[in-house]
1. Just for the stretch 476-534: of the residues that are of a type in the set (Gly, Ala, Ser) and assigned to a strand (DSSP E or B), which one is farthest from residue 243 (Cα to Cα)?
2. Taking the stretch 225-243 as the region of interest, how many residues are open to solvent by 50 Å² or more (accessible area, probe 1.4 Å) and either under 22 Å from residue 447 (Cα atoms) or assigned to a loop (DSSP other than H, G, I, E, B) (or both)?
3. How many residues are crowded, with 18+ Cβ neighbours inside 10 Å, under 57 Å from the mean Cα position of the chain (by Cα) and either within 30 Å of residue 15 (Cα to Cα) or β-branched (Val, Ile, Thr) (or both) when one looks only at the stretch 93-115?
4. Can you pull out the residues in the stretch 173-190 that are under 34 Å from the mean Cα position of the chain (by Cα) and either open to solvent by less than 40 Å² (accessible area, probe 1.4 Å) or closer than 21 Å to residue 510 by Cα (or both)?
5. Just one of (1) over 19 Å from residue 533 (Cβ atoms); (2) of a type in the set (Asp, Glu); (3) free of Cβ contacts under 8 Å to residues at least 40 places away in the same chain trips up residue 288, so point out which.
6. Tally up the residues in the stretch 259-289 that are open to solvent by 20 Å² or more (accessible area, probe 1.4 Å) and assigned to a loop (DSSP other than H, G, I, E, B), please.
7. If the Cβ limit is 6 Å and pairs must be 6+ apart or interchain, which residue in the stretch 1-18 that is without any contact (Cβ under 8 Å) to a residue 40 or more places away in the chain pairs with which residue that is surrounded by 10 or more Cβ atoms within 10 Å (Cβ to Cβ) and part of a loop (DSSP other than H, G, I, E, B)?
8. Only one of these conditions is not met by residue 59: (1) of a type in the set (A, V, I, L, M); (2) open to solvent by less than 30 Å² (accessible area, probe 1.4 Å); (3) under 14 Å from residue 123 (Cβ atoms); (4) at pLDDT 95 or above. Which number is it?
Amino acid sequence: MPQANQIATLENRQVIINPSPVRVHWTFADLLARDGFDLRCDFTCSIRAIPDATEKRMLEEVLLHGRASVSDTELAEHFKAALRTEAATMADTRDAGEWLGEEQKQRLIEALRRAATPVAFSCGVELLPPFELQLESRGFQQQRLRAMQQAMAEQRVAGQVEHFQRASELLKRFQTLRQAAPDLSAGDVLEQISPADRGSVLQTVLLASAKQEDAKDLWAVAGPYLVKVDGRSTPPKTELTPLPPTLGPLRSVQAAMVQDERVLLVGARSGFFLVRPDRPSEAQAYPDPGIESSLGFSRVIYWSQRDAFCACHGDAGIVCWSRMNTEGPISAIRLDRLQVPRPSAASANVGSGSLSNRVAGPRNLQPLGDGWLIFSVGNRLLLLDELEDVAELKSDTDSEVAAIVPDDRRILVVHEDGTVCAKDRVTHETLCEERRSGRVTAAGALPWLGGVRLLLASEDGPVQCVGVDDGLVTQYASAHRGLRVVSGSADLVAAVSADRQRVILWHTWEGRQPLAEVYLGGLAKHRVADVDFG
């Protein structure tokens with residue numbers, strides 16, 4: 001008996017026909033429509049052997065000649081020449097766009113059926129419905145797509161021109177207001193703009209600043225690696241440099257100016273490295289041999305008044321090194337002087353923006369000016385002078401300090417509960433205290449016309465960008481929650497995901513969705529501890 005795809009077989013010199021029709025398919029991919037566009041034709045129909053003695057003899061003579069069976073493939077080949085000739089002739093009578101309409105498809109089906117009828121008659125078979133035809137023209141479709149894209153582009157350009165003109169007018173007004181009142185901060189001037197236009201002004205100023213200022217590299221630390229991330233390329237490029245293992249895993253990274261030279265200060269478990277960005281493999285180690293801890297230096301700064309480096313450590317306290325001496329620290333203020341109970345050995349201290357797995361030691365070390373340093377211990381703020389005397393400021397809230405952010409005129413203290421306190425750099429008095437967000441998991445700074453705007457990451461929402469002198473709040477949105485580190489530059493904002501596997505990037509002026517995500521955990525095989533621009 002014939003198989004399902006066979007119309008007939010020859011068995012013992014007897015023609016055995018398949019009582020069921022066989023579906024046969026033809027493809028003609030090189031047709032040309034009247035307007036020169038390519039045309040692809042896919043035609044399918046059923047073919048049945050006619051159960052009549054005369055017809056069976058014709059089938060045997062024409063199709064079974066030299067064969068034991070006739071399949072759908074052999075039927076397609078037998079009809080191919082006649083159908084292709086008709087398809088090519090018909091294609092040239094209409095433009096490609098016309099052929100893609102249903103009415104013209106029916107005309108082509110009828111033409112192909114008529115062309116196949118005499119071939120079928122001569123070999124004892126007949127064509128049966130359903131007749132199916134599919135036509136497509138890649139060239140025509142591409143042209144139509146380009147036309148749609150062009151139309152959409154023209155609409156976008158028209159909208160962008162209108163938006164640009166409006167933004168330019170707002171920017172000019174903003175600049176005029178700043179020139180008229182030079183003593184006001186950028187936030188104070190922004191408050192003079194109508195609430196409906198403040199967002200556009202901020203976006204325009206950020207975009208203009210990104211074009212005017214030099215781009216800073218993004219640096220990250222993960223395990224033993226210092227990682228350079230080029231977030232401005234598509235996709236972002238990464239360059240991993242292993243630092244010497246002598247000081248243990250890397251914990252933090254900060255950019256600093258040391259003797260008019262831009263360097264990176266990379267905190268590790270038992271000391272820190274001074275790294276020149278153009279020669280990262282030539283890291284200079286500053287150890288603290290007296291430390292036995294699983295924690296690390298969460299922040300390292302340059303103390304210009306003493307020509308020294310100073311760093312905070314959850315177990316070791318505040319440690320200082322002379323710039324010219326890499327043998328060991330010149331001083332250390334341990335936890336007992338800071339009235340801090342020692343953290344348990346099980347505590348972890350990963351990432352400068354981390355508020356989880358807390359330890360009780362000092363964090364958030366920053367230069368305050370006039371030889372003073374400021375840092376936090378829990379919800380307490382402490383000062384350190386050049387004589388290494390420690391003083392404590394009055395606490396503004398019981399909530400622990402998440403970050404200390406220097407501004408041009410003030411020190412901004414961000415607490416976990418979302419409270420932001422601004423303190424005078426000289427008098428250390430509290431200038432203002434406001435609740436600016438929900439619970440904060442990380443905080444950082446976005447450069448803003450000589451000052452900063454605060455970047456506040458929350459447990460269950462996007463990164464909020466808030467001004468200290470204005471009420472405008474913008475957002476950097478993503479699918480991530482509970483970000484652990486956040487940092488900003490003139491053109492990019494970077495954050496570390498809650499699982500410390502990814503670095504998320506945004507353009508400063510476009511926060512609706514991330515610019516890119518970099519899976520550093522997979523590259524370094526370690527969690528990301530910290531990021532900073534420099």
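1. 516
2. Residues meeting the conditions: 5.
3. 1
4. 174, 185, 186, 187, 189, 190 - these are the residues of the stretch 173-190 that are under 34 Å from the mean Cα position of the chain (by Cα) and either open to solvent by less than 40 Å² (accessible area, probe 1.4 Å) or closer than 21 Å to residue 510 by Cα (or both).
5. Condition not satisfied by residue 288: (3).
6. Qualifying residue count for the region: 7.
7. 18/2
8. Only one criterion in (1) of a type in the set (A, V, I, L, M); (2) open to solvent by less than 30 Å² (accessible area, probe 1.4 Å); (3) under 14 Å from residue 123 (Cβ atoms); (4) at pLDDT 95 or above is unmet by residue 59, namely (4).
The values are calculated or read from the model by the stated rules, or taken from the named source; none is laboratory data. Please read these numbers as outputs of a predicted model, since none were measured by experiment. For neighbour counting, all protein chains shown are included, and Cβ atoms are generated from backbone atoms with ideal geometry for every residue, glycine included. To get the accessible areas, we keep the full protein, side chains included, count just its heavy atoms, and leave off ligands, DNA and RNA. Shrake-Rupley method; radii C 1.70, N 1.55, O 1.52, S 1.80 Å.
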